[in-house]
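As structure tokens, the structure follows; a few thoughts come after it.
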Amino acid sequence: MRPDFQTLDEVTRRLAAAVPTELKTAREELEGQFRSILEAAFNRMDLVTREEFEIQKRVLARTREKLEALEKRLES
């Protein structure tokens, strides 16, 4: 899964904002490093997008309905 770059940018900005303003040049450098570290960490994780998750959730629900229908037919 490719990381959600919008979320990655938001997390990066929040981390950089936590750095004191007196360290402005370091803050900008840290923001780039934060992004690289987070992107690498997300790439190593076996994650799926919300869209992929929702699709699989719907597939599972349909499968469950079919299974329940088959079980009812067997009971009859």
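A Gaussian network model of the chain, with springs between Cα atoms under 10 Å, assigns the largest mean-square fluctuation among Arg13, Arg58, Arg35 to Arg58.
Using only DSSP helix segments of four residues or longer, with each worth -39500 (n - 2.57), what per-residue ellipticity at 222 nm results for the chain after dividing by its residue count and rounding to 500? Spell out each step's value before the answer.
On the way: 3 runs with 60 residues, N = 76.
Per the formula, -27000 deg cm²/dmol.
Largest mean-square fluctuation among Lys66, Lys57, Lys24, in a Gaussian network model of the chain whose springs join Cα atoms under 10 Å apart, belongs to Lys66. Only one of [x] 49, 32, 17; [y] 76, 19, 14; [z] 32, 30, 18 was calculated from the structure for Cα extents along the principal axes in Å, and its label is [y].
Here the residues Phe53, Phe34, ranked from fewest to most Cβ neighbours within 10 Å of their Cβ, fall in the order Phe53, Phe34. Counting only alpha carbon atoms, the long axis of helix 24-44 and the longest principal axis of the chain meet at about 20°.
Cross-link reach is defined here as a Cα-Cα straight distance under 16 Å, omitting same-chain residues fewer than 8 places apart; for Lys66 the aspartates and glutamates meeting it are Glu75.
Read-outs throughout are calculated quantities, based only on the coordinates presented, and are distinct from any laboratory measurement. Keep in mind the model is a prediction, meaning the values are calculated, not measured. So basically every Cβ, Gly included, is an ideal-geometry build from the backbone, and we count neighbours across all protein chains shown.
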